[in-house]
Amino acid sequence: MRCAMSRAALELEGVRRTFVQGDTRLPVLRRIDLAVSEGETVALIGPSGSGKTTLLQIAGLLDRPDAGEVRISGESASGLSDRRLSAMRARHLGFVFQFHQLLPEFSARENLVIPQLVTGRSKREARRRADALLATVGLTNRAAHRPARLSGGEQQRVAIARATANAPRLLLADEPTGNLDEANGRLVIRTFLELAHEAGVAALVATHNIDLARRLDRIVRLEDGVLQEHSAD
């Protein structure tokens, strides 16, 4: 749970995003205001096609808003070059997708080591952290296996561990249980929450899984381009 004095890991202020197809303008995000505090987990729910993925892409600095402000740990992303946005993503953000997007030619351990090397960590340090994270998600005995030899639930647990490998300030997850059966989905939820809470990292999770949503600290609902607080009841 978040601390009352925690600062915001993510701030969106007046964010708007419209897509243009020919002569048609489709406003997806009309005016989004959202703050996610350090250590807080927030579920993002809403109908299919409501713009949840677009909102996550903007929060993750993968897309730019047409208007409004995005701040990560107090640092504004407005006007930054693609190179500086990439550096900010690597430094502050971790991503978990519906499909694990692990590198198929590398082992589970190597999938955790590689993103650490990109940010300058030594191979020895990266391997030590990778092994510690794999132990945390219960996959020590699968460390040498490539993704094709892992079950769907195991692949997603590796993906969650990878997302936390560089100690991000903010985790962004897009339907992390959407491709799993109920049993594996519950295990992935538990893994995700344990890692997020252990690291004190903020998380914004887009999901249709109401069980997952209710286990997070807060729920917000996106519909017709507008974001509102939503009761867990």
Checklist entry - Does residue 134 qualify as being assigned to a helix (DSSP H, G or I) and under 29 Å from residue 71 (Cβ atoms)? => result no
Checklist entry - Looking only at the stretch 93-124, which residues are closer than 24 Å to residue 188 by Cβ, of a type in the set (A, V, I, L, M, F, W, C) and open to solvent by 50 Å² or more (accessible area, probe 1.4 Å)? => result 97, 99, 103, 106, 114
Checklist entry - So which residues in the stretch 14-30 are open to solvent by 90 Å² or more (accessible area, probe 1.4 Å) and at pLDDT 90 or above? => result 16, 30
Checklist entry - Could we say that residue 127 is part of a loop (DSSP other than H, G, I, E, B), among the basic types (Lys, Arg), on the phi < 0 side of the Ramachandran plot and surrounded by fewer than 22 Cβ atoms within 10 Å (Cβ to Cβ) here? => result no
Checklist entry - Does residue 157 meet the test of being without any contact (Cβ under 8 Å) to a residue 60 or more places away in the chain, closer than 19 Å to residue 216 by Cβ and assigned to a helix (DSSP H, G or I)? => result yes
Item to check | Filter result for the condition that a residue is at pLDDT 90 or above, under 19 Å from residue 94 (Cα atoms) and under 20 Å from the mean Cα position of the chain (by Cα), over 157, 121, 218, 162 | outcome: 162
Checklist entry - Residues in the stretch 72-90 that are in contact with a Phe, Trp or Tyr (Cβ under 9 Å, 6 or more places away or on another chain) and either among the acidic types (Asp, Glu) or loosely packed, with under 14 Cβ neighbours inside 10 Å (or both): how many? => result 0
Checklist entry - For the stretch 164-194, how many residues meet the condition of being open to solvent by 10 Å² or more (accessible area, probe 1.4 Å), at negative phi and aliphatic (A, V, I, L, M)? => result 4
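Each row is one residue, and each column tells you yes or no for (1) among the β-branched types (Val, Ile, Thr); (2) modelled with pLDDT under 90; (3) under 27 Å from residue 112 (Cα atoms).
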position	(1), (2), (3)
195	no, yes, yes
202	no, no, yes
205	yes, no, yes
211	no, yes, no
229	no, yes, no
Checklist entry - What number goes with the only condition from (1) crowded, with 20+ Cβ neighbours inside 10 Å; (2) out of contact with any His (no Cβ under 7 Å at 6 or more places or on another chain); (3) closer than 26 Å to residue 10 by Cβ that residue 159 does not pass? => result (2)
Checklist outcome for this item: Just one listed residue, out of 63, 33, is under 17 Å from the mean Cα position of the chain (by Cα), open to solvent by 20 Å² or more (accessible area, probe 1.4 Å), on the phi < 0 side of the Ramachandran plot and of a type outside the set (Ser, Thr, Tyr), and it is 63
Item to check | Contacts under 8 angstrom Cβ, first residue in the stretch 42-59 being without any contact (Cβ under 8 Å) to a residue 60 or more places away in the chain, partner open to solvent by less than 50 Å² (accessible area, probe 1.4 Å) and not in a strand (DSSP E or B), 6 or more apart | outcome: 54/63; 57/63; 58/65
Next on the checklist: Would you confirm whether or not the stretch 50-63 contains a residue that is assigned to a loop (DSSP other than H, G, I, E, B), under 18 Å from residue 228 (Cα atoms) and not hydrophobic (A, V, I, L, M, F, W, C)?
Outcome noted: yes
Checklist entry - Name the strands (runs of 3 or more DSSP E) wholly within the stretch 165-233 that hold at least 2 residues that are closer than 24 Å to residue 108 by Cα and either in contact (Cβ under 8 Å) with a residue 12 or more places away in the chain or touching a Pro at 6+ places or on another chain (Cβ under 7 Å) (or both)? => result 170-174, 202-206
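The values are calculated or read from the model by the stated rules, or taken from the named source; none is laboratory data. Because the structure is predicted, anything quoted here is derived from the model rather than measured. Heads up, the Cβs are rebuilt from the backbone with ideal geometry, glycines too, and the neighbour counts pull from every protein chain shown. Ligands, DNA and RNA are stripped out before the accessible areas are found, and what is left, the full protein with its side chains, is counted by its heavy atoms. Shrake-Rupley method; radii C 1.70, N 1.55, O 1.52, S 1.80 Å.
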